[in-house]
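Report on the following structure.
The values are calculated or read from the model by the stated rules, or taken from the named source; none is laboratory data. If you're wondering where the values come from, they're calculated on a predicted model, not measured in any experiment. Reconstructed Cβ throughout: ideal geometry from the backbone, glycine too, with neighbour counts over all protein chains shown.
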Amino acid sequence: MLNTRLIAAPFFMTPDGSLNSMAVSSDRLASDDPLCGTANLTAYQLMSRHALIGLLDAQGHSSQGQPRVFLSHFNADRPRDRCTVDIFAQRLAVVVHSARHYAPWQQGTIFQQALSRHWQRVQTLVIAGGLSSQQFGIHLASAVAGRLADLSVICSPWGADTALYGLAQTCRSPDDLLVLDFGATAIKRAIAHRYGNRLDMLSTLRVRDFSLDGQIRAPQLLAILRQTRAELPGPMAVAISLAAYLDHGHPFDYHAGIYSRLRQDCRHLASTLDRQWLPACGYTGLALLEHDSAAAALAFQFHLPAMMLTLGTGMGSAPCPLV
């Protein structure tokens, strides 16, 4: 049952390839961007949910402090909404340009050098995640494409649920499969039917309702699994994406992220889930465990190098599998 990588990708992501911590220059930002001229910027400061909130506040937007309201009511015909998406598009173009020319990666570890070469070869960008939802994501992709003439930029039709579809389509189980996307803010859940061709969505859980001191550890994870099991018609296998970088099914030893400390609760996370924690909660086992951006990338395959960018609480990336 257990499988931590079903489709070959150029490499799996590690913490030292994080876009969130990548330094970017503000001299390419739009002149009307509140962050233009700010020193020591990172991609997180430009493209996260927090960054969108800051931009809406700086503009005095009617949806300030309410990014969900802004995304669900976005209208490109409104000048202030159009200005917001244009600024965000320029920011994303700056992040992509930085990734393709980032000297610390070009001179860094073997993985970072491979990542840098991949970014230089990328021909397609896929945008997914909560900030790509609905009309805002479509207009964002179009606006970014206009700024990156040598790249094709598309918006995932599944938005914040892309990782769920990536898990379901990769596992392609003939039996019902539970797919879970453990993000930094929310836990998205669905039952995949018919080889992953149909998803029935379950309600989204808030991470803050389960976390302890800002962390999800084994007791909290098991509580989420038990609550979800009570909502299912019967036992089934589980495919999981996690907002944590994974080293062959176990979190890397780094301090960022609310799930990284799960490495301290077991010897190997994927094996422990498959053999102990999931059976104890009434499931049949683990079908797949993947980093959340990599799970989203699994929903798309290309003949030429492509990169998945997930925009949400933070900014994630992963190479899309090659056909």
| task | Assess whether Arg68 counts as being basic (Lys, Arg) and modelled with pLDDT under 95. | result | yes
| request: Could you tell me which numbered condition Arg68 fails, if it satisfies all but one of (1) touching a residue at least 40 places away in the same chain (Cβ under 8 Å); (2) among the charged types (D, E, K, R); (3) under 27 Å from Asp181 (Cα atoms)? | output: (1)
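Name the residue that is surrounded by the most Cβ atoms within 10 Å (Cβ to Cβ), counting only residues in region 94-111 that are of a type in the set (Phe, Trp, Tyr) and at pLDDT 95 or above. So that I can check it myself, show each step before the final result.
First pass over region 94-111, keeping only residues of a type in the set (Phe, Trp, Tyr): 102, 105, 111.
Retained after the next criterion (residues that are at pLDDT 95 or above): 102, 105.
On the way: Tyr102: 20, Trp105: 23.
Across region 94-111, the extreme among qualifying residues is Trp105.
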| request: Considering each residue of region 203-245, count those that are more than 22 Å from Arg267 (Cα to Cα) and in contact with a helix residue (DSSP H, G or I) (Cβ under 7 Å, 6 or more places away or on another chain), and give that number. | output: 2
| Candidate set from region 20-35 (those that are farther than 18 Å from Arg82 by Cα and out of contact with any helix residue (DSSP H, G or I) (no Cβ under 6 Å at 6 or more places or on another chain)); member that is surrounded by the most Cβ atoms within 10 Å (Cβ to Cβ) | Ser26
| field | Matching residues in region 1-24 - criterion: being of a type outside the set (D, E, K, R), at pLDDT 90 or above and outside any strand (DSSP E or B) | value | Thr14, Pro15, Gly17, Ser18, Leu19, Asn20, Ser21, Met22
| Would it be correct to say that Ser241 is in contact with a strand residue (DSSP E or B) (Cβ under 9 Å, 6 or more places away or on another chain), assigned to a loop (DSSP other than H, G, I, E, B) and closer than 17 Å to Ala287 by Cα? | no
| query | With respect to His50, is the statement that it is surrounded by 15 or more Cβ atoms within 10 Å (Cβ to Cβ) and either part of a helix (DSSP H, G or I) or assigned by TED's automatic domain parsing to the domain that holds Gly312 (or both) true? | reply | no
| query | Checking Val179 against (1) within 16 Å of the chain's Cα centre (by Cα); (2) in a helix (DSSP H, G or I), which test does it fail? | reply | (2)
